[in-house]
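**Student:** Sharing a structure below in structure tokens format, with a few things to ask.
The values are calculated or read from the model by the stated rules, or taken from the named source; none is laboratory data. Computed from a predicted structure; not experimentally measured. As a convention, Cβ positions derive from the backbone with ideal geometry for all residues, glycine included, and neighbour counts pool all protein chains shown.
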Amino acid sequence: MNARLEQLAPVSATDAVRDIVIYGLILNYVTVVDELFWQKTEPGFIRKTIGIQALFDILGALLPEQIKSTDLTKEAWRRYLTPAARIDFTDRLFHASGSGRTRVKKALLLAMGRLTLAEVDKALRGDFERALGPTINPRSN
């Protein structure tokens, strides 16, 4: 079969199942993100492009672990993301730029206990402590 005909061939059952799984896991993740972050009255930068990019960075970081556990449910994503739901993304620490995206990502990772304050630039530690307040996971100190 030539390359053009192969492109027109129907999708295999394996591809279709994989696509459904990908769709389901992204839908579950985005549904939880919407509930925890985007529905807030003042969501701040988490609902801007940098926040959405950072949230997909987090998805990419968590995904290998979630695939191994085969738990791609909303409850699984909620367990990971709930500690970060109280972050004030309107804080002056966050801004619309490449470094703003990095700060949103680091704030999420700090709240989730996936990053420690010692791993954050010393000059910004106080800013992260202020923006995250009690959301900093005790394991991240």
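**Student:** Name the pairs whose Cβ atoms lie under 6 Å apart, with the first residue in the stretch 92-106 and over 9 Å from Lys48 (Cβ atoms), the second acidic (Asp, Glu) and surrounded by fewer than 21 Cβ atoms within 10 Å (Cβ to Cβ), and 6 or more positions between them or separate chains?
**Tutor:** Leu93/Asp127; Lys105/Asp57
**Student:** To continue, here is another question. Could you grab me the full set of residues in the stretch 90-116 that are aliphatic (A, V, I, L, M), in a loop (DSSP other than H, G, I, E, B) and out of contact with any Lys or Arg (no Cβ under 9 Å at 6 or more places or on another chain)?
**Tutor:** At the first step, the residues of the stretch 90-116 found to be aliphatic (A, V, I, L, M) are 93, 96, 104, 107-112, 115.
Remaining after also requiring in a loop (DSSP other than H, G, I, E, B): 93, 96, 112, 115.
Across the stretch 90-116, the qualifying residue is only Met112.
**Student:** Tell me which residues, restricted to the stretch 118-133, are surrounded by fewer than 17 Cβ atoms within 10 Å (Cβ to Cβ) and touching a residue at least 24 places away in the same chain (Cβ under 8 Å).
**Tutor:** Passing the criteria: Leu124, Arg130, Gly133.
**Student:** One residue is enough: does the stretch 96-105 have a residue meeting the conditions at pLDDT 90 or above, surrounded by fewer than 19 Cβ atoms within 10 Å (Cβ to Cβ), out of contact with any helix residue (DSSP H, G or I) (no Cβ under 8 Å at 6 or more places or on another chain) and farther than 25 Å from Leu25 by Cβ?
**Tutor:** So far as the stretch 96-105 goes, yes, one or more of its residues are at pLDDT 90 or above, surrounded by fewer than 19 Cβ atoms within 10 Å (Cβ to Cβ), out of contact with any helix residue (DSSP H, G or I) (no Cβ under 8 Å at 6 or more places or on another chain) and farther than 25 Å from Leu25 by Cβ.
**Student:** Now, a different point. Identify the single condition in (1) at pLDDT below 95; (2) more than 29 Å from Lys122 (Cα to Cα) that Arg92 does not satisfy, given that it satisfies every other one.
**Tutor:** (2)
**Student:** Could I ask something else about it? Can you pull out the residues in the stretch 48-69 that are in contact (Cβ under 8 Å) with a residue 40 or more places away in the chain and of a type outside the set (Ser, Thr, Tyr)? If you could, list the steps in order and put the result at the bottom.
**Tutor:** Applying the first criterion (in contact (Cβ under 8 Å) with a residue 40 or more places away in the chain) to the stretch 48-69 yields 48-51, 53-55, 57-58, 61, 66.
Residues satisfying the conditions are Lys48, Ile50, Gly51, Gln53, Ala54, Leu55, Asp57, Ile58, Ala61, Gln66.
**Student:** Have a look at Gly133, Gly113 and point out the one that is on the phi > 0 side of the Ramachandran plot and modelled with pLDDT of 90 or more. Spell out the reasoning first.
**Tutor:** Values: Gly133 fails: modelled with pLDDT of 90 or more.
Step by step, each of Gly133, Gly113 is checked, and only Gly113 is on the phi > 0 side of the Ramachandran plot and modelled with pLDDT of 90 or more.
**Student:** Just give me the residues in the stretch 36-88 being under 15 Å from Met112 (Cβ atoms), among the hydrophobic types (A, V, I, L, M, F, W, C) and in contact with a Lys or Arg (Cβ under 9 Å, 6 or more places away or on another chain), in sequence order.
**Tutor:** Once the filter is applied, which keeps residues that are under 15 Å from Met112 (Cβ atoms), among the hydrophobic types (A, V, I, L, M, F, W, C) and in contact with a Lys or Arg (Cβ under 9 Å, 6 or more places away or on another chain), the stretch 36-88 yields Leu36, Phe37, Ile46, Ala54, Leu55, Ile58, Ala61, Leu62, Ala85.
**Student:** Have a look at Ile50, Ile87 and point out the one that is β-branched (Val, Ile, Thr), buried (at least 20 other Cβ atoms within 10 Å of the Cβ), assigned to a loop (DSSP other than H, G, I, E, B) and more than 10 Å from the chain's Cα centre (by Cα).
**Tutor:** Details: Ile50 fails: assigned to a loop (DSSP other than H, G, I, E, B).
Selected residue: Ile87, the only one of Ile50, Ile87 that is β-branched (Val, Ile, Thr), buried (at least 20 other Cβ atoms within 10 Å of the Cβ), assigned to a loop (DSSP other than H, G, I, E, B) and more than 10 Å from the chain's Cα centre (by Cα).
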